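Only one structure is covered here, and it is reproduced in the block below.
What follows is calculated from the coordinates using simple rules that are stated; it is not laboratory data. Since the model is a prediction, treat every value here as computed from it, not as a measurement. Heads up, the Cβs are rebuilt from the backbone with ideal geometry, glycines too, and the neighbour counts pull from every protein chain shown.
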Amino acid sequence: MIIADGVALFLVDDDPSVRNSLTRLLRAEGVEPTAFATAEEFMAFLPSVSGPSCVLLDIGLPGESGLELHARLQDLRPELAVVFLTGHGDVPGAVESMKRGAVDFLLKPVAAATLIAALSRAIERARAASVEKSARHDVALRYGRLTPREREVLTHVIAGKRNKVIAAEIGTTEKTVKVHRGRIMEKMRARSVAELVRASDRLGIDPAPSPARAKPP
């Protein structure tokens, strides 16, 4: 049985018989998917989607293809986990989609056990991605409370520099750096420099490099 508590499952396939058969199979597994016939229908619905989600996506859709939809989802909602459904002729495109982050691709007709295993992996990835997105949002809010000077000091702190070194590099006193460091740790809710480094990594903040030393004459 698929354990999809809290994870929304979507099915995008233009073949009504495929949608109906997969919907019946998933209902038997305790999951109620929301089905769409085209990429355009799904994209129109997407703004209402929140929380962890995964998409069972046909490659050979009319209009915008499944591969094109996947590319758009990577830009708009990269946390959505995607499992592709494909015919034999679409295998090269499906392999490329795996390289771009799809969870799996399944050949039609797909065996129930294969489908369930792939969707279970997708659901777990969707949960993990949702947790990471929430954590990143929380860290971004905390970072937004820092002053410009505190943000500058943060980049030196996560570089592992001592207060005395930071003070010399940014042109202030060691005591002032110590005050900034304390406020940074408090606002970022970091109990250690290691936690501060992990939070900064989530936001893509790089450590401040040390100034280049002048070469001896």
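Assign unit charges at the C-beta atoms only (+1 for Lys and Arg, -1 for Asp and Glu), then state the dipole size of region 98-217 relative to its Cα centre in Debye, rounded to the nearest 20.
Numbers: 26 positive and 12 negative charges, 42 e Å.
Charge dipole, region 98-217, about its Cα centre: 200 debye, nearest 20.
At R0 = 35 Å, how high is the FRET efficiency between Leu141 and Thr23 if r is their beta carbon distance? Nearest 0.05 is fine.
Working: r = 39 Å, r/R0 = 1.12.
Working from the Cβ atoms, E equals 0.35.
Across q = 0.09, 0.14 Å⁻¹, region 8-130 modelled as identical point scatterers on its alpha-carbon atoms has Debye log10 I(q)/I(0) values of -0.20, -0.51, in the order of the q list. As a rough guide to protection, the peptides 131-139, 64-72 ranked by mean Cβ packing within 10 Å, highest first, stand as 64-72, 131-139.
The simple spin-label model puts a point 7 Å past each Cα toward its Cβ; for Lys133 and Val193 those points are separated by 3.5 nm.
For region 144-203, the C-alpha radius of gyration divided by 2.2 N^0.38 Å, with N the number of residues, is 1.01.
Val179 sits among other residues whose Cβ lies under 12 Å from its own Cβ, and their net charge, with Lys and Arg +1 and Asp and Glu -1, is +2.
In the chain, a dipole from Cβ-located charges (positive for Lys and Arg, negative for Asp and Glu) runs towards its positive end, and of Gly87, Gly66, Ala190 it is Ala190 whose Cα lies farthest in that direction.
Counted by Cβ distance under 15 Å from Gly160, the other residues give a net charge of +1, where Lys and Arg count +1 and Asp and Glu count -1.
Which value, in Å to one decimal place, does the Kirkwood hydrodynamic radius take for the chain when every pair of different Cα atoms is included?
Numbers: mean 1/r = 0.0493 Å⁻¹.
Its Kirkwood hydrodynamic radius stands at 20.3 Å.
Here the relative contact order of the chain, from alpha carbon pairs under 8 Å that lie six or more residues apart, stands at 16 percent. The aspartates and glutamates within cross-link reach of Lys178, meaning a Cα-to-Cα straight distance under 15 Å and a gap of 8 or more places when in the same chain, are Glu150, Glu152, Glu169, Glu186.
If the only charges are +1 at each Lys and Arg Cβ and -1 at each Asp and Glu Cβ, what is the size of the charge dipole of the chain around the Cα centre, to the nearest 20 debye? It comes to approximately 1960 debye.
Helical runs (DSSP H, four residues minimum) scored at -39500 (n - 2.57) apiece and divided by the length of the chain put the mean residue ellipticity at 222 nm at -17000 deg cm²/dmol.
Going by the alpha-carbon gyration tensor, a ≥ b ≥ c the square roots of its eigenvalues, is region 83-210 rounded (a/c under 1.5) or, if a/c is not under 1.5, prolate (a/b greater than b/c) versus oblate? Prolate shape, in that a/c is at least 1.5 and a/b is the bigger ratio.
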